[in-house]
Amino acid sequence: MSLDVSTPDPPIIDGEREDQYEPDGEKRGDLQAYLDGEENAWEEGFGEWAAETSLSADSYRVLLDLDLLTELDFFWDEEATEVRYESPEIGENWEGQHPLLDSWSRVSEINEELDELGETVAGVLSDYYVAWEEERDMTETFGEQYNARDDDLRENERNRNE
């Protein structure tokens, strides 16, 4: 199934997170640029999600009316070397929040699909846009012989490495 809707504006994520590390602030600004800049990772990820989602048009309307898309958050996870996300949820006090929220089943559907959207966009960002894991010092990974540095090694050290 798919959802035939226009792509909404991406969420604004360049603010600070409560558990944010110092370097994450700069990366969040970069992620925001990927989401709404010329690269438009948001449009790409949203399009992938919309083509596969089982979310009904009514449930999508609820998601928009409750402004849940603006609460999606994307951030760089240094340890996992990938973009992570946090998606908002409609809580247990869902009754009365929207006329189309008529069952816990619909609430669950919206929560699950919003999580899928976050996962899809984070995957697009990780797979096609960010390359921050390549910034680390390759000498740490490969040792002194990396980048033709074996010329600097003494002859007997070079022979041991071969």
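What follows draws every value from the coordinates through simple rules; no lab data is involved. As the structure is a prediction and not an experimental result, all values here were calculated from the model. Positions of Cβ are generated from backbone atoms using ideal geometry, with glycine treated the same way; all protein chains shown enter the neighbour counts.
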**Prompt:** For region 22-130, what mean projected area does the convex hull of the alpha carbons give, in nm²?
**Reply:** 7.4 nm²
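Show me the ranking of peptides 112-118, 4-10 by mean Cβ neighbours inside 10 Å, starting with the highest.
Working: 112-118: 19.6, 4-10: 12.6.
Ranking the peptides 112-118, 4-10 by packing returns 112-118, 4-10.
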**Message:** Per-residue counts of other Cβ atoms within 10 Å, averaged by peptide: what ranking do you get for 119-125, 29-35, highest first?
**Reply:** 119-125, 29-35
